[in-house]
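The structure appears right after this line, and notes come after that.
The values are calculated or read from the model by the stated rules, or taken from the named source; none is laboratory data. Everything numeric here is computed off the predicted structure, so don't read it as measured data. Cβ: placed from backbone, ideal geometry, glycine included. Neighbour counts: every protein chain shown. Protein only, heavy atoms only, side chains kept; ligands, DNA and RNA dropped before computing areas. Shrake-Rupley method; radii C 1.70, N 1.55, O 1.52, S 1.80 Å.
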Amino acid sequence: MTSNFIIFEGWHVKNLLKITKYQSHRQTLPRDLRHLVIKPSIVDTESNPSFFFSVALLPPFFFQLPSNTHGSLDFRGIRGHESQISNERARVRGKLVMESSPSSSTSSTHCFSPHSQGEVKLTITQLEQENVERKVFEIYRHFAEAPPQAKSFMVELWRDEHIEFLTKGLRKLGPNFDILDANRPWLCYWIVHSIALLGEHVDSELENNIVAFLAHCQDKDGGYGGGPGQMPHLATTYAAVNTLVTLGSERALSSIDRGKMYEFLLQMKDASGAFRMHDGGEIDVRACYTAISAASMLNILDSVLIKDVGNFIGSCQTYEGGIAGEPGSEAHGGYTFCGLAAMILINEADKLDMPSLIDWAVFRQGVECGFQGRTNKLVDGCYSFWQGGAVALIQKLLSAAGKESPLCGGQASEECMYNITLSPGGKLSDVGFAFMNEKTECSPLFHTIALQQYLLLCSQIHEGGFRDKPGKSRDHYHSCYCLSGLSVSQYSHCKDPHHSSPSPNDVLGPYSNLLEPIHPLYNVVLDKYDKAREFFSAF
Amino acid sequence: MSSDDGEECLPLSQRPEWADVRPVPQDDGPKPVVPIHYRENFREAMDYFRAVYLADERSLRSLNLTSEVIGLNPGNYTVWHFRRLVLEALNADLHEERDYVDRVAERFPKNYQIWHHRRWLAEKLGPKAADKELEFTKKIFTIDAKNYHTWSHRQWVLLALGGWDDELDYCQKLIENDVFNNSAWNQRYFVITKSPLLGGLQAMRESEVSFAIKAILTNPQNESPWRYLRGLYKGDIEQLLSDNQVPEVCLQVLKSGRNFLFALSMLLDLLCFGFQPSDEFKRIVEGLTNSESSSSDTNLATSVCNVLETVDPLRANYWAWRRRTLPSMVC
């Protein structure tokens, strides 16, 4: 039986000789660059099917030297070229781009760019990007070279550590959290939602304490503030509602004053149709989403609340295709999720240029395998949810629109409708429910295994929690959105999470890595949403 | 005016001007969750703030107190809101207030509340505030040329207070400094579409297309000018198809054999719009195709999708979906 092999740097089999030659030149490289020359390794794909994916995703620029390299570089005998490997059954796709040094033997100082010929001065964007890539590729290389047991360990979801980190935060936070004193319902949501994603729950005493605390944050005139005695704010309202929904008990759900909430939301509505975050506060797409999400969840969404919101959000879609916080601002992952989710919830997704949105969003996934928030900016674990989630929403919309019907480049064909069909007599608040009833026929449009690779290998912290990127510290916000993004990726092929589970092929690492599915419009665990819907639809 | 960095030496309880105020402790309830182990000066400042907030005392000492609290937690929107009420009640000198906000914004540039407060302030100060606001944002951009709040603020200033004269030049400069700065490209789009001094998108299109193409040819792997180029034809597909500069730049990049991902993607979009490709395009794409998968009767768009699926594996699913959803009459 023949095994399939991939040569993991992307050199053609015939170039093995050249690799050997390169190896012998390793010593001629400046000391700080030698670590970039790695031994060619041959990977047996048959016994490591999921690893194949990881390897195939290893950035094609693996041998790319940092472009601000100074010193003499001698690549005699190595020619740069683009090559693809194909092997009978295993295929590695990737380009290897490497420039050979213009001079041969004399030492000279070169600023060496893989992207253009000769000497080039790098911009801040490029420098920062290369910095991040170096750290990320170091991790991937370390993973690739690790023995099988170490690999399994690295790609496992360290559940116990995460639960410990999260629960500790619920009970106690240090003085550095002074600056989050106006965001405590967010802390509750980030932690409680993360715990729920991991399939766990908080103990009943803690649950009661959370309900009681949030009740202290609830304003007598409706909505929730960042802490007891603070003005109600749409973001903390959204967080509080989602936390209580995630806790899910009758006590938790009934602690929300729906009537006053409606009045508060109405107060926050601006003449433009958009919402402001708090009395006298800023108006943006985030405010629109948090208001509409909370209203929909609580079954108080009506035509008065949604009036003209769709026009405002539509006007925030930029020439790039993504959505900005305000009209004219830059397309941004966070606002794109908020805008898209809000539009779906009010059943006006057809006001968006969907092909343009999709194209922008899928290009936000970069060589690091994670998502960036804006064009030419750095990868960040939290965008796994904002961008990944947006793409997942679109997947479902495309399915609802009629099984991948043809789209002309910039305009949807007339038969394409991105709106949800409600049953007769259905209310606006039912859209969220109807949305999840659509089976997801369209396959995921982003690389779900790659994203999981970034999350587990680069964002996950061994001591518990998740971080933005290597070099940054963990925090509860990133733990929440990295886990949310992980869930979205795992369930991306799943037609109907209510009735089936993802296949092991869709989950990177052991199958025990599988999280709970979420409702992608609200970002709460799906079962919890169902329970809340049942509770609130009785009103 | 007291210091605004929240680090007064004397605790509030020991300051004579606060002697008549009874601080109000936070009511977290008996068993709070996510309890923060506040620093002592923080806790005290908040206790005194709650006192004046609940009493709705809009005095000078309240104003000073809000400065202290903001220095400790600039994210406390309630304090900012109250500060605005106090400023109005005192009919305070808003130029001094602006100086204060300048200092706080430099300390905490990525904070929503500061920028919202700045906007409120600038609106009150009126059009004569435009210059200083624009200057201030430029200052922030020298540290972080992509700060999102700052760009939103700059756009708001231009729309509400004016000052468009040098904006296109400023964008030019930023793009020259860092051609990958997508915020600068976004701002450029904003200027050419919204500036009352320029003719609008249609009038600016020709020169902007040249500008974008030049940037593309210098760094074909730079996504910003490609999206910008697409944006110049937003809502005007006819123009896009009749202007042969666009397919021309795709061809040039494809011919170079390197960094052609966006060129292919643009070509695909053009084909989907109805672009009729020359034979040269077909030859070039054929050269990129893995000979195993192509057949003589595949249309160009399908071939392009196939190539993209191979050279851009991260988006293999997306390109496969594009291939499945090609319009029927595509070349």
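Any residue that is more than 18 Å from A:Tyr529 (Cβ to Cβ) and open to solvent by less than 10 Å² (accessible area, probe 1.4 Å) - is there at least one of those in the range A:236-245? Yes, the conditions are met somewhere in the range A:236-245.
Within the span defined as the range B:102-112, one or more residues are of a type in the set (Ser, Thr, Tyr) and at pLDDT below 95.
Would you pick out the residues in the range B:144-167 that are in contact with a Ser or Thr (Cβ under 7 Å, 6 or more places away or on another chain) and either open to solvent by less than 20 Å² (accessible area, probe 1.4 Å) or charged (D, E, K, R) (or both)? Once the filter is applied, which keeps residues that are in contact with a Ser or Thr (Cβ under 7 Å, 6 or more places away or on another chain) and either open to solvent by less than 20 Å² (accessible area, probe 1.4 Å) or charged (D, E, K, R) (or both), the range B:144-167 yields B:Lys146, B:Thr150, B:Trp151, B:Ser152, B:His153, B:Arg154, B:Gln155, B:Glu167. Within the option set B:Val101, B:Val33, B:Val24, being more than 30 Å from A:Ile283 (Cβ to Cβ), open to solvent by less than 10 Å² (accessible area, probe 1.4 Å) and not aromatic (Phe, Trp, Tyr) holds for one residue only, B:Val33. Scan the range A:181-197 for residues that are of a type in the set (A, V, I, L, M, F, W, C), assigned to a loop (DSSP other than H, G, I, E, B) and open to solvent by 10 Å² or more (accessible area, probe 1.4 Å) and report the count. Qualifying residue count for the region: 0. Only one of the numbered conditions (1) more than 11 Å from chain A (Cβ to nearest Cβ); (2) surrounded by 15 or more Cβ atoms within 10 Å (Cβ to Cβ); (3) not in a loop (DSSP other than H, G, I, E, B) is not met by B:Phe49, and that is (1).
Candidates are the residues of the range A:173-214 that are among the β-branched types (Val, Ile, Thr) and over 22 Å from B:Gly75 (Cα atoms); the one that is nearest to the other protein chains (Cβ to nearest Cβ) is A:Ile210. Reported count of residues in the range B:187-222, each being open to solvent by 10 Å² or more (accessible area, probe 1.4 Å), closer than 25 Å to B:Thr137 by Cα and within 9 Å of chain A (Cβ to nearest Cβ), is 3. With respect to the stated conditions, A:Val431 fails to be assigned to a helix (DSSP H, G or I), under 28 Å from A:Ala294 (Cα atoms), among the β-branched types (Val, Ile, Thr) and modelled with pLDDT of 95 or more. Taking the range A:288-326 as the range and being crowded, with 22+ Cβ neighbours inside 10 Å, under 25 Å from A:Val525 (Cβ atoms) and either in contact (Cβ under 8 Å) with a residue 60 or more places away in the chain or within 11 Å of chain B (Cβ to nearest Cβ) (or both) as the test, the residues that pass are A:Ser293, A:Ala294, A:Ala295, A:Ser296, A:Met297, A:Leu298, A:Leu301. Among the residues of the range B:54-62, at least one is of a type in the set (Ser, Thr, Tyr) and farther than 28 Å from B:Trp151 by Cβ.
Okay, residues lined up against (1) surrounded by 20 or more Cβ atoms within 10 Å (Cβ to Cβ); (2) in contact (Cβ under 8 Å) with a residue 12 or more places away in the chain; (3) in a helix (DSSP H, G or I):
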site	(1), (2), (3)
A:Leu457	yes, yes, yes
A:His478	yes, yes, yes
A:Ser492	yes, yes, no
A:Asp496	no, yes, no
A:Ser512	no, yes, yes
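Suppose we keep only residues that are in a loop (DSSP other than H, G, I, E, B) and more than 13 Å from every other protein chain (Cβ to nearest Cβ) within the range B:57-84. Which one would you say is surrounded by the fewest Cβ atoms within 10 Å (Cβ to Cβ)? Looking at residues that are in a loop (DSSP other than H, G, I, E, B) and more than 13 Å from every other protein chain (Cβ to nearest Cβ), I get B:Ser59.
With a requirement of 1 or more residues that are modelled with pLDDT under 95 and among the acidic types (Asp, Glu), the helices (runs of 4 or more DSSP H) lying completely within the range B:243-331 that satisfy it span B:279-288, B:300-311.
Looking across the range A:215-228 at every residue that is in contact with a helix residue (DSSP H, G or I) (Cβ under 6 Å, 6 or more places away or on another chain) and at the interface with chain B (Cβ under 8 Å from one of its Cβ atoms), the one that is surrounded by the fewest Cβ atoms within 10 Å (Cβ to Cβ) is identified as A:Pro228. For B:Leu229, the requirement of being open to solvent by less than 10 Å² (accessible area, probe 1.4 Å) and either of a type outside the set (D, E, K, R) or more than 10 Å from chain A (Cβ to nearest Cβ) (or both) is met.
Pairs are defined by a Cβ separation below 7 Å, a sequence spacing of at least 6 or placement on different chains, a first member in the range B:277-300 that is farther than 19 Å from B:Gln245 by Cα and of a type outside the set (S, T, N, Q), and a second member that is in a loop (DSSP other than H, G, I, E, B) and modelled with pLDDT of 65 or more; the pairs so defined are B:Leu300/B:Pro277; B:Leu300/B:Cys331. Within this structure, A:Leu214 fails the test of being in contact (Cβ under 8 Å) with a residue 60 or more places away in the chain and hydrophobic (A, V, I, L, M, F, W, C).
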